[in-house]
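Input: a single structure, listed below in structure tokens.
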Amino acid sequence: MQRLNVLIVEDQASDAELMVAELRRGGFDPDWRRVDTEAEYVRLLDETAGPPADIVLSDFNLPQFTGLRALQLLRQRDPDTPFILISGTVGEDVAVEVMKEGATDYLLKDRLTRLSLSVGHALDQKELRSAKRRAEEEARRLARVIEESPTIVVITDTDELITYVNPQFTRATGYAPDEVVGTPARNLADPPDPREQDAQRAALRAGGTWRGELKVRRKDGSFYWELASVSAMRGPDGENTHYVKVAEDISDRKRAEEHAERRLAQLQALRDIDMAISGSLDARVTLSIFVDKVTTHLRADAADVLLLNPRSQLLEYMTGRGFRTTALQHTRLRLGSGYAGQAALERRIIAVPDLREAKGDLDKSPLLPEEDFVSYFAAPLIAKGQVQGVLEVFTRRRLDPDQEWMDFLATLAGQAGIAIDSTTSYNNLQRANAELILAYDTTLEGWSRALDLRDKETEGHTQRVTELTLRLARVMGMSDDALVHVRRGALLHDMGKMGIPDGILLKPGQLTEEEWVVMRRHPVYAYQMLLPITYLRPALAIPYSHHEKWDGTGYPRSLKGEDIPLEARVFAVIDVWDALTSDRPYRMAWPKDKAQAFIREQSGKHFDPAVVDAFLRLGL
């Protein structure tokens, strides 16, 4: 539960307790105090060094003063603490007056079920205001830093026309800002190097950074060399908007690099903050109520909700209201595709005031013209930092909304995101598990490649035998669950060779009997290395037993017949097949018919006869 320091201005203790109970129901853990006189209220405000509470909840009609007076007294001392007026009866004129005085919201006492929603919204708005102030203060500070910086800063647009130079540029070149702003940046380089310029443009178009030495012409005709770092700055849509060059004399190269990287990192961080500011409410509402709120309070003619399918990563139609046709009920959009996909991918509201002037994926629906929609808005539904879907809003008249309308759209979108979060949590967990398994398997593939690279004679061997083992295992009727462990075991079949000394493993000639004793230990080494890894234990059969033979003459345990795990019996055939049909330094690859004959001849000796029959049916 969210801790919350609450000051309640209320003469009825029972009403205050109802407010506290409602806050607890809404997910808050309130630490609260109640006052009911102006004197006590003023004393509390004056004695508190900072804000008196996280939020103030006040009745309007009190024995000695009013909620309006309480609001005025609070705003004289603290402009930021949210203030919510709660009254049994309050007229529209009073509500307007308290909102003008700076109240965050007002509620009727018989509507206390909205209290947690209102409090959550008020706290979010306070945090947004604080974050915005911090961002603005940081922007002003960075602007001063750039103005006072001893390094040269030049900003150009994507056409490479200079839009800004700092004072250090003027001191270094002698050019005043109005002499260079609007001119091509390449005019300052002498002589221009077409190859260098092409490399720089390619790097910047890709959103990267170009670094190098530039010969720059001063106003008096002289030149100096600078070590420059030129980076692309991207807008919310991911496209480049400006290029920033930070440069210093080569004689001070180390300081220039550190300074440039630090300043550019701060500028990018500021942009990230601006893009990340968004609000969400801690409330749970049903999607049907949500769609009603959208169409009613946003003065929309129609609205729908697209949910993000966590498996397919497609936005799919879930519910809607106000449509004349089924134009959008079969919507399935990829992230980044269409307006809704763009809103989800970029986590920002997409506004199209006039669909008649904009061409997008909405035009692909043959029934959409019958809807006569003019304006369109798409807002991402986000909860706990995850995109849950997209809200689409339509009007049949042109709508140029003000900021209040846009803020409320964002608020409603936050509500919907929270409402559907509980239904998608399980799917999100499943996806996370799948990604973890993929990461594990990718690690195994990396281990297998490392083993192949160590033994040059068998390079590529592991990938080939893994693929063929899976094919043969399917023919043998092994389940999909078992195939997962077969694949891992095949990838790690030679894991034990990590414990074999290079002098034996990479020996070009024949091994001695003593050396063979060491070499035959590699299945045991594999068992010892992999057994402590819990999720790999079901895959141990192949690394531990793939050198066992059907007639019991194999190693390391001399297992016989069906005592040998089926996975190892399957792999043994494939392992020998790949060894025979691959070139080795000491012999050329056997023809396939010769290798097949050998496999057939070893049926019942080295190999399980049933596995051999299945292998021959593969027709390799």
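If I take R0 = 22 Å and measure r between the Cβ atoms of Thr553 and Met529 in this structure, what FRET efficiency does the formula 1/(1 + (r/R0)^6) give, to the nearest 0.05? Let's see the in-between values first.
On the way: r = 25 Å, r/R0 = 1.16.
E between Thr553 and Met529, to the nearest 0.05, is 0.30.
Mind checking the full-extension length gain between Asp110 and Asp46? Use 0.36 nm per residue of separation minus the Cα-Cα distance, one decimal, nm. Don't jump to the answer; show the numbers that get you there.
Numbers: separation 64, 0.36 × 64 = 23.04 nm, distance 3.24 nm.
Here the segment from Asp110 to Asp46 would lengthen by 19.8 nm.
Go through Gly27, Leu112, Gly88 and say which Cα lies farthest out towards the positive end of the charge dipole of the range 1-119; charges sit on Cβ, +1 for Lys and Arg, -1 for Asp and Glu.
Gly27
Could you sort 467-473, 480-486 so that the peptide with the highest average Cβ count within 10 Å comes first and the rest follow in order? Numbers along the way, then the final one.
Numbers: 467-473: 19.6, 480-486: 15.0.
Final packing ranking: 467-473, 480-486.
From the phi angles alone, apply the Karplus equation (6.51, -1.76, 1.60; θ = phi - 60°) to the range 591-608 and give each ³J(HN,Hα) in whole Hz, x where the residue is Gly or Pro.
The phi angles translate into x, 4, 5, 5, 5, 5, 5, 5, 4, 5, 5, 8, 4, x, 10, 7, 10, 5 Hz.
If Rh is defined by the Kirkwood formula over all Cα pairs and Rg also comes from Cα, what ratio Rg/Rh do you get for the range 455-618? Provide the component values of the computation, followed by the final result.
On the way: Rg = 15.2 Å, Rh = 16.1 Å.
Expressed as Rg/Rh, it is 0.94.
Arg474 versus Glu601, label points 7 Å from Cα toward the beta carbon: distance in nm?
Once both label points are built, they end up 3.2 nm from each other.
If the chain between Glu179 and Val96 were fully stretched, how many nm would it gain, using 0.36 nm times the residue separation less the Cα-Cα distance? Numbers along the way, then the final one.
Details: separation 83, 0.36 × 83 = 29.88 nm, distance 5.33 nm.
Stretched fully, the Glu179-Val96 segment lengthens by 24.5 nm.
With the Cα gyration tensor of the range 2-133 giving a ≥ b ≥ c as the square roots of its eigenvalues, does the rule (a/c under 1.5 for rounded; else a/b larger than b/c for prolate; else oblate) give rounded, prolate or oblate? Don't skip to the answer; put the middle values down first.
Details: a/c = 1.17, a/b = 1.04, b/c = 1.12.
Taking the square roots of the gyration eigenvalues as a ≥ b ≥ c, the range 2-133 is rounded.
Any chance you could run the full-extension gain for Arg75 through Thr443? It's 0.36 nm times the residue separation minus the Cα-Cα distance, nm to one decimal.
Working: separation 368, 0.36 × 368 = 132.48 nm, distance 5.92 nm.
Extra length available between Arg75 and Thr443 comes to 126.6 nm.
Order the peptides 596-609, 564-577, 546-559 from the highest to the lowest mean number of other Cβ atoms within 10 Å of their residues. Mind showing how you got there, number by number?
On the way: 596-609: 16.4, 564-577: 23.6, 546-559: 18.6.
My ranking of the peptides, most packed first, is 564-577, 546-559, 596-609.
How many angstrom separate the Cα center of the range 552-600 from the Cα center of the range 300-343?
Measuring centre to centre over Cα atoms gives 55 Å.
Hey, rough spin-label estimate for His242 and Arg396, points 7 angstrom out along Cα→Cβ, what's it come to in nanometres?
The answer from the label model is 4.5 nm.
Once R0 is set to 35 Å, what does the formula 1/(1 + (r/R0)^6) return for the Cβ-Cβ distance between Leu161 and Ser130, expressed as a FRET efficiency to the nearest 0.05? Working shown, then result.
On the way: r = 37 Å, r/R0 = 1.06.
The pair Leu161/Ser130 has a calculated efficiency of 0.40.
Given the pairs Lys497/Lys549; Lys126/Lys245; Lys100/Lys384; Lys100/Lys132; Lys100/Lys126; Lys507/Lys560, which are separated by over 28 angstrom at their Cα positions? All intermediate terms of the calculation are to be shown ahead of the outcome.
Working: Lys497/Lys549 20 Å; Lys126/Lys245 37 Å; Lys100/Lys384 33 Å; Lys100/Lys132 22 Å; Lys100/Lys126 17 Å; Lys507/Lys560 31 Å.
Distance filter (> 28 Å) returns Lys126/Lys245; Lys100/Lys384; Lys507/Lys560.
Given a Förster distance of 41 Å, report the FRET efficiency between Glu346 and Leu68 from their Cβ-Cβ distance, rounded to the nearest 0.05. Can you show the working numbers first?
Values: r = 42 Å, r/R0 = 1.03.
The pair Glu346/Leu68 has a calculated efficiency of 0.45.
Taking the Cα-to-Cβ direction at Leu620 and at Asp31 and moving 7 Å from each Cα, how far apart do the two end points lie in nm?
Going by the 7 Å Cα→Cβ label model, 7.0 nm.
Every read-out reported here was derived from the displayed coordinates using simple, explicitly stated rules and does not represent laboratory data. Treat the numbers as computed from the prediction; the structure is a model and nothing was measured. So basically every Cβ, Gly included, is an ideal-geometry build from the backbone, and we count neighbours across all protein chains shown.
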